[in-house]
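Asker: One structure follows; several queries about it will come next.
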Amino acid sequence: VVYCADCDSAAPDGGPPGPPSFNEQLMNHAVWMLANGATLVGSAPDDFTANLDPEFPQLRLWLPGPGTFVSWLQQASGLRDPSRIRVVGKGGGDAGEFMFGEALRMLRLQAGL
């Protein structure tokens with residue numbers, strides 16, 4: 001299951017681009033996969049992302065963040081096993097393994113270490 005906040009398509013396996021937006025079919029398939037043993041991987045626990053429109057600075061135009069979709073998918077699929085839920089980006093419990101470790105490796109490579 002892929003959530004990409006700023007992407008129109010996401011194909012983690014190198015295949016054709018994914019759907020341009022969430023739709024009922026995509027969400028149903030994600031729920032079916034999770035209900036049948038798939039692991040839910042989220043990019044971050046954020047419930048919302050801030051969005052501003054210069055024409056309406058007084059309005060809070062928050063958008064659902066990745067944490068919103070993680071929570072929704074957990075509820076919709078009945079997923080209760082924490083070992084099948086991984087949050088690999090900033091603020092996530094698995095960020096050290098997946099995000100920060102890779103960032104440090106890349107920095108060391110750039111520095112010639």
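Asker: When only residues in the stretch 83-93 that are surrounded by 15 or more Cβ atoms within 10 Å (Cβ to Cβ) and closer than 11 Å to residue 42 by Cβ count, which is modelled with the lowest pLDDT?
Answerer: Checked the stretch 83-93; the qualifying residue modelled with the lowest pLDDT is 89.
Asker: Filtering the stretch 94-103 down to residues that are of a type in the set (D, E, K, R) and assigned to a helix (DSSP H, G or I), which residue is least open to solvent (accessible area, probe 1.4 Å)?
Answerer: 102
Asker: Which one of the conditions (1) modelled with pLDDT under 85; (2) in contact with a strand residue (DSSP E or B) (Cβ under 8 Å, 6 or more places away or on another chain) does residue 45 fail to meet, given that it meets all the rest?
Answerer: Unmet for residue 45, out of (1) modelled with pLDDT under 85; (2) in contact with a strand residue (DSSP E or B) (Cβ under 8 Å, 6 or more places away or on another chain): (1).
Asker: Residue check: is residue 59 in a loop (DSSP other than H, G, I, E, B), at pLDDT 80 or above and either in contact with a helix residue (DSSP H, G or I) (Cβ under 9 Å, 6 or more places away or on another chain) or open to solvent by less than 60 Å² (accessible area, probe 1.4 Å) (or both)?
Answerer: Taking the combined requirement at face value, the residue does not satisfy it.
Asker: Continuing with the same structure: Just the residues that are over 11 Å from residue 44 (Cβ atoms) and surrounded by 11 or more Cβ atoms within 10 Å (Cβ to Cβ), please, taken from the stretch 62-74.
Answerer: Within the stretch 62-74, 62, 64, 71, 72, 73, 74 qualify.
Asker: Now, a different point. So which of 35, 44 ends up being of a type outside the set (Ser, Thr, Tyr), under 23 Å from residue 100 (Cβ atoms) and in contact with a Gly (Cβ under 7 Å, 6 or more places away or on another chain)?
Answerer: 44
The values are calculated or read from the model by the stated rules, or taken from the named source; none is laboratory data. Source: prediction; values computed, not measured. Note that each Cβ is placed from the backbone with ideal geometry, even for glycine, and that neighbours are counted across all protein chains shown. For the accessible areas, the whole protein counts, side chains as well, though only heavy atoms, and no ligand, DNA or RNA atoms are used. Shrake-Rupley method; radii C 1.70, N 1.55, O 1.52, S 1.80 Å.
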